[in-house]
Amino acid sequence: MSTLCVALLALGLSSAGRDPADDLDRGVREVQEGDLEKGLLTLDTVIQRLEADPTPPAKELSRACAYKGIALVGLGQEEAAKAAFRDALRYDPALRLKKDEHPDRVVRVFEAARTGKKKSVMQRPSGAPKKAGLGAGAIAAIAGGVVLAAGGAALALHDDGGTIPGANDVEIQLTGSAPPFGSTISLADALRREISAPPIISIVVTSRVGLAHGYIDATLNVGATPCLRGNSGAAPIPAGGSNGYPVGFWEAITLSGACTPPFTVDSLGVSFVAAGNDQYNYSGVTTAAFGAVRYRFVP
């Protein structure tokens with residue numbers, strides 16, 4: 001019996017007698033916190049239990065399938081993610097994933113599933129609006145694990161008039177990684193730029209100003225060359241509070257030059273981005289950089 005089957009069986013036995021709604025909330029939370037594989041196991045068990053109900057609850061099943069799809073996108077399994085999103089839409093045809101609540105890649109895969117698009121959409125289309133990021137000059141300035149912050153003006157959200165914090169209002173902390181820094185990570189398909197088991201980098205943002213939406217864009221770099229791009233899900237921050245932004249949706253920017261596999265990244269660049277409620281209405285608030293962040297990427 002495979003390790004996955006054993007895990008699913010153990011999870012199913014341990015969940016017997018519990019309210020599926022509690023397990024659904026737990027599975028959603030695990031995905032939001034970046035524990036994608038664990039969240040996937042939890043949600044699969046929830047879906048099995050809900051579908052076995054004589055009157056399956058459509059709303060709960062749609063939510064479970066949607067977050068299963070989100071986890072699968074983060075794990076680089078596009079076709080499986082599309083299948084999960086189609087299941088979510090079968091239970092709730094009106095379901096939509098908003099760009100100010102989910103990473104671009106998740107929304108692209110969801111929309112491809114909804115509209116029946118067969119072509120891979122994991123990569124951002126050329127010419128599409130890009131979010132704020134670190135330039136080569138900022139990357140080159142990373143050294144010794146020191147966090148460097150760049151300026152950013154306070155802006156206003158379009159729909160509710162709330163203020164987005166400026167650079168001096170936020171603090172970015174790097175709190176960990178799974179697998180640990182220093183690990184070796186496989187690129188599943190270098191031509192399609194997919195990563196079989198992407199790293200989950202944990203970042204916490206503290207803001208003195210209440211924030212309706214925010215997320216992290218990040219790059220993993222070899223020297224001054226960014227090799228991989230990643231982002232987190234969007235989440236709010238209360239005034240004077242903090243929130244975690246696990247970065248797990250990674251794709252290659254280039255796999256040539258300094259980034260030709262195998263290669264070892266040596267720094268992490270981070271942009272904290274505020275998202276308004278309009279499509280593509282993103283504004284960079286501040287950036288930070290962390291040296292001595294290393295992974296080995298192999299074919």
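The values are calculated or read from the model by the stated rules, or taken from the named source; none is laboratory data. The shown structure was predicted, so the numbers you read here are calculated from the model rather than taken from an experiment. When we count neighbours, we look across all protein chains shown, and the Cβ atoms used for this are built from the backbone with ideal geometry, even at glycine.
Is it fair to say THR254 is outside any loop (DSSP other than H, G, I, E, B) and either in the same structural domain as LEU75 (by TED's automatic domain parsing) or closer than 17 Å to VAL265 by Cβ (or both)? When the stated conditions are applied, THR254 does not pass them. In the stretch 102-132, of all residues being surrounded by fewer than 17 Cβ atoms within 10 Å (Cβ to Cβ), under 20 Å from SER271 (Cβ atoms) and charged (D, E, K, R), the one that is modelled with the highest pLDDT corresponds to ARG124.
For the stretch 85-114, taking the residues that are of a type outside the set (D, E, K, R) and without any contact (Cβ under 8 Å) to a residue 24 or more places away in the chain, the one that is nearest to ARG29 (Cα to Cα) is identified as VAL107. Restricting the first member to the stretch 239-264 and to residues that are on the phi > 0 side of the Ramachandran plot, and the second to residues that are part of a strand (DSSP E or B), the beta-carbon pairs closer than 7 Å and six or more apart or on different chains are GLY257/THR225. Can you pull out every residue in the stretch 233-251 that is in a strand (DSSP E or B) and surrounded by 20 or more Cβ atoms within 10 Å (Cβ to Cβ)? Residues satisfying the conditions are ILE237, VAL247, PHE249, TRP250.
Among the residues of the stretch 201-227, the one identified as hydrophobic (A, V, I, L, M, F, W, C), assigned to a strand (DSSP E or B), surrounded by fewer than 23 Cβ atoms within 10 Å (Cβ to Cβ) and touching a helix residue (DSSP H, G or I) at 6+ places or on another chain (Cβ under 7 Å) is VAL222.
A single entry from GLY291, GLY284, GLY230 fulfils the requirement of being in a strand (DSSP E or B), farther than 25 Å from ALA197 by Cα and either at pLDDT 85 or above or not polar (S, T, N, Q) (or both): GLY284. Being under 23 Å from VAL170 (Cα atoms), at pLDDT 90 or above and not aliphatic (A, V, I, L, M): is that true of THR264 here? No, not satisfied.
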